[in-house]
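Student: Quick one: structure below, then a few questions.
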Amino acid sequence: QVQLVESGGGLVQPGGSLRLSCAASGSIFSIYNMHWYRQAPGKQREWVAVITSGGSTNYADSVKGRFTISRDNAKNTVYLQMNSLVPEDTAVYYCLAWKRGDSYWGQGTQVTVSS
């Protein structure tokens, strides 16, 4: 069992930055691939980024070059550094811990990009 708690969301102006955190507890964090997803109002949840248990990363085209995912296994935490934010990034951001046969979601944190 893994419990995930996201934090770091808020209101930011276009062009600004935020860093989201997802703290995990309850299992061996380092063996999970960690994903970030987001869901805007009226839209389906979409995948944003992944960092594997081995540290490899990948990003959705819409955020490539602006967002950076990282993890600190000693702190059981995954991060999403978001730069050059645009209004289209407004969404609830969720982290997902995944390994074959096992997955857990956090409760989400709201990010609003607006002037």
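Student: Where does each of 19, 100, 38 land when they are ordered by accessible area, with a 1.4 Å probe and the largest first?
Tutor: 100, 19, 38
Student: Please tell me the relative contact order of the chain in percent, rounded to the nearest whole number, where contacts are Cα pairs under 8 Å and at least six residues apart. Walk me through the intermediate numbers first.
Tutor: Values: 279 pairs, mean separation 42.6, N = 115.
Relative contact order of the chain: 37 percent.
Student: Can you give the accessible area of residue 46 in Å² (nearest 10), computed on protein heavy atoms with a 1.4 Å probe?
Tutor: Result for residue 46: roughly 80 Å² accessible.
Student: Using the Karplus curve 6.51 cos²θ - 1.76 cosθ + 1.60 with θ = phi - 60°, work out ³J(HN,Hα) for each residue of region 26-36 in order, rounded to whole Hz, and write x for Gly and Pro.
Tutor: x, 7, 7, 4, 5, 8, 8, 6, 10, 10, 10
Student: Another question, if that's okay. What are the lysines whose alpha-carbon lies under 23 Å from the alpha-carbon of residue 64, with same-chain residues fewer than 8 places away excluded?
Tutor: Cross-link targets: 43.
Student: Around residue 85, which amide H atoms from residues at least 5 apart in sequence, or from another chain, sit under 5 Å from its own amide H, with H modelled in the peptide plane?
Tutor: Placed amide hydrogens put 15, 16 under 5 Å from residue 85.
Student: Next question. For region 47-53, in order, what is each residue's ³J(HN,Hα) by Karplus, 6.51 cos²θ - 1.76 cosθ + 1.60 with θ = phi - 60°, in whole Hz (x at glycine and Pro)?
Tutor: With coefficients 6.51, -1.76 and 1.60, one gets 6, 10, 6, 9, 10, 7, 4 Hz.
Student: Same structure again: Quick check: pseudo-label points 7 Å beyond the Cα along Cα→Cβ at residue 19 and residue 115, how many nm apart are they?
Tutor: Here the answer is 2.8 nm between the modelled labels.
The values are calculated or read from the model by the stated rules, or taken from the named source; none is laboratory data. Fair warning: this is a prediction, and the values are worked out from it, not measured in the lab. Note that each Cβ is placed from the backbone with ideal geometry, even for glycine, and that neighbours are counted across all protein chains shown. To get the accessible areas, we keep the full protein, side chains included, count just its heavy atoms, and leave off ligands, DNA and RNA. Shrake-Rupley method; radii C 1.70, N 1.55, O 1.52, S 1.80 Å.
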